[in-house]
1. Are any residues in region 150-179 under 22 Å from the mean Cα position of the chain (by Cα), surrounded by 11 or more Cβ atoms within 10 Å (Cβ to Cβ) and part of a loop (DSSP other than H, G, I, E, B), and if so, which ones?
2. Among the candidates T112, T116, T76, single out the residue that is of a type in the set (S, T, N, Q), touching a Pro at 6+ places or on another chain (Cβ under 9 Å) and open to solvent by 30 Å² or more (accessible area, probe 1.4 Å).
3. Taking region 32-57 as the region of interest, how many residues are part of a loop (DSSP other than H, G, I, E, B) and either surrounded by fewer than 18 Cβ atoms within 10 Å (Cβ to Cβ) or at pLDDT 90 or above (or both)?
4. Name the residue that is surrounded by the fewest Cβ atoms within 10 Å (Cβ to Cβ), counting only residues in region 93-109 that are of a type in the set (D, E) and closer than 12 Å to L73 by Cβ.
5. For region 123-143, name all the residues that are loosely packed, with under 13 Cβ neighbours inside 10 Å and either assigned to a helix (DSSP H, G or I) or in contact with a helix residue (DSSP H, G or I) (Cβ under 8 Å, 6 or more places away or on another chain) (or both).
Amino acid sequence: MLTALTKSGRKVTATEAITFGGDYYCPGCKEPVILRNGYVKEEHFAHHANTFCTYSGESVLHRKMKSQIYSNLQETIRGKVKAIEMEKPLLGCRPDIFVEGTRESIAIEVQTSSLTAEEILRRTEQYCGLGIYVLWVIPFERDRVYKYDPLSKKYELDSIRLKEYERVMSALYFKSLVLWDVKRPSSEALLF
């Protein structure tokens, strides 16, 4: 996870925690968490071994996408909305990124692993019940979309078979998918 709580209950990002130091707690289960700050992986908070919590278990790709999308929104729309928050606890759900607009709010869900169609629909309905739009974002995987032709030494568009959860997301967005390419600069990473 990229955010945690201080002893006083203030939410901080892992990047901020590196500067401040101190003890941090999971926003979900309130158990102590460890600040991971390595040279290989992006800074983040992790639960101690054998701790069960819905906040634990995010992949490196998930954290990277969430961090990039959050940073991009901070740079591009921060002054145009009330708030942009990572991992905001709402009634029974916790979007990866929550954008509170002046009239409407959007929950952004970064999806890097398989979910059942039922779970996607359940979460979407849950947000709808709260009056919040939801945007599902999946990683762009070049090797699934393009095939390399060794003769021409070029990548060519290939037909892909969507995973079940991707088909559900596509149906929610009128046969489109929202993709994020972590290898591109943030200003060019959002793809449809």
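The values are calculated or read from the model by the stated rules, or taken from the named source; none is laboratory data. Everything quoted here is computed from the prediction, not taken from an experiment. FYI the Cβ positions are ideal-geometry reconstructions off the backbone, even for glycines, and counts take in every protein chain you see. These area figures cover heavy atoms from the full protein model, side chains too; ligands, DNA and RNA do not enter into them. Shrake-Rupley method; radii C 1.70, N 1.55, O 1.52, S 1.80 Å.
1. Matches in region 150-179: L162, K163, Y173, S176, L177, V178.
2. It is T112.
3. The qualifying residues number 16.
4. So the residue we want is E100.
5. E125, C128, G129, R142, D143
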